[in-house]
Amino acid sequence: MQATAGLREAGYFLTDLDTLDVDGTSAMQIAGENLFERLRKRAYAPAHAGVHTVTATREDLVGAEAIFYWGLNDRVLSIVSDYLGQPPAYDGFSAYYSRSDGRQAGPRLWHKDREDLRMVKVAVYFTDVDDASGPYEVLKPQYGRLIDGSHYENMTDERILSVLGAGQEASFASRCTGKAGTVIFSDTALHYHRGRPPTARDRCAIFYSYFSRNPRYPYFCERSAYSRAQLEALAKPLPEAKRKSVLWRQDLPLRSRLIPRNRVTV
């Protein structure tokens, strides 16, 4: 599978909604556009002055079921399962409105996700994204191995270059630009990545999250805004296999189920 090969070799695979051609895409796009219009208004409200990224809240997700269910389409689950080598847990989605202020902060810093040893996030752009509007970036594997030895957590460009050395600015990362509707599969646990700070235009993107059904660090999971009760209601009409993907926590060992829900939002 081409997508799996891309994930294994480069840490990401780039495609688009038209190429995936899955059921529910039109409904997902309409729901996403409505959601980002609300986030845009909030991003420019006085109460959010100085906030670089606005994230959808639980209240924002009312009426956004089409976005959630898109993440359970058979084509996406097939790609994720093939890469992970097992049926995945589905951790829902997060929606980010990123303002064009050029700040290196939050998810705009280079980092790895902590949920599991390997995982997949699927990003969908809702705006055209070029170099100046915050493309998703993945550190190339050969450079990632050098960074791993430094034991850094979240890093700016400057910190990465202090490890890699001068002259690497144009070559150390893969940059995922594309029109609205671009889709990116990426292993965010194995590979350093970030949303490049937008400098000219705001960026809107949804990120779907998947990992094994017995993740290494359950505390760092459950990053979507949905409550567990909402997830149970969303899972109710699904076929059993997909219901298990949504309600993955119910099958964890008791000790892991007792770990409190993660409160990190970005």
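Going by what's in this entry, would residue 103 be described as in contact with a Pro (Cβ under 8 Å, 6 or more places away or on another chain), buried (at least 23 other Cβ atoms within 10 Å of the Cβ) and not β-branched (Val, Ile, Thr)?
No: the conditions fail for residue 103.
Quick one: in the range 78-104, which of the residues that are within 16 Å of the chain's Cα centre (by Cα) and of a type in the set (Gly, Ala, Ser) is nearest to residue 31 (Cα to Cα)?
The residue in question is 95.
Taking the range 8-35 as the region of interest, how many residues are of a type in the set (Asp, Glu) and under 27 Å from residue 112 (Cβ atoms)?
2
Which condition from (1) at pLDDT below 95; (2) open to solvent by less than 30 Å² (accessible area, probe 1.4 Å); (3) over 30 Å from residue 250 (Cβ atoms) is the one that residue 135 breaks?
For residue 135, the failing item is (1).
Please return the ranges of strands (runs of 3 or more DSSP E) entirely within the range 35-153 where 1 or more residues are of a type in the set (D, E, K, R).
Of the strands (runs of 3 or more DSSP E) lying wholly inside the range 35-153, those with at least 1 residues that are of a type in the set (D, E, K, R) span 89-98, 119-125, 136-139.
Confirm whether residue 57 is among the hydroxyl-bearing types (Ser, Thr, Tyr), more than 16 Å from residue 121 (Cα to Cα) and open to solvent by 30 Å² or more (accessible area, probe 1.4 Å).
yes
Would you be able to say whether some residue in the range 147-164 is under 26 Å from residue 57 (Cβ atoms) and open to solvent by less than 20 Å² (accessible area, probe 1.4 Å)?
No: zero hits.
Among the residues of the range 100-118, which ones are within 17 Å of residue 206 (Cβ to Cβ) and touching a helix residue (DSSP H, G or I) at 6+ places or on another chain (Cβ under 8 Å)?
Result: 113, single match.
Can you name the residue in the range 17-50 that is crowded, with 18+ Cβ neighbours inside 10 Å and closer than 22 Å to residue 109 by Cα and is also nearest to the chain's Cα centre (by Cα) among such residues?
Checked the range 17-50; the qualifying residue nearest to the chain's Cα centre (by Cα) is 39.
The values are calculated or read from the model by the stated rules, or taken from the named source; none is laboratory data. It should be emphasised that the depicted structure is a prediction, and the values quoted were computed from it without experimental measurement. Cβ atoms come from the backbone with ideal geometry, glycine included; neighbour counts cover every protein chain shown. Only protein heavy atoms, including side chains, enter the accessible area calculation; ligands, DNA and RNA are left aside. Shrake-Rupley method; radii C 1.70, N 1.55, O 1.52, S 1.80 Å.
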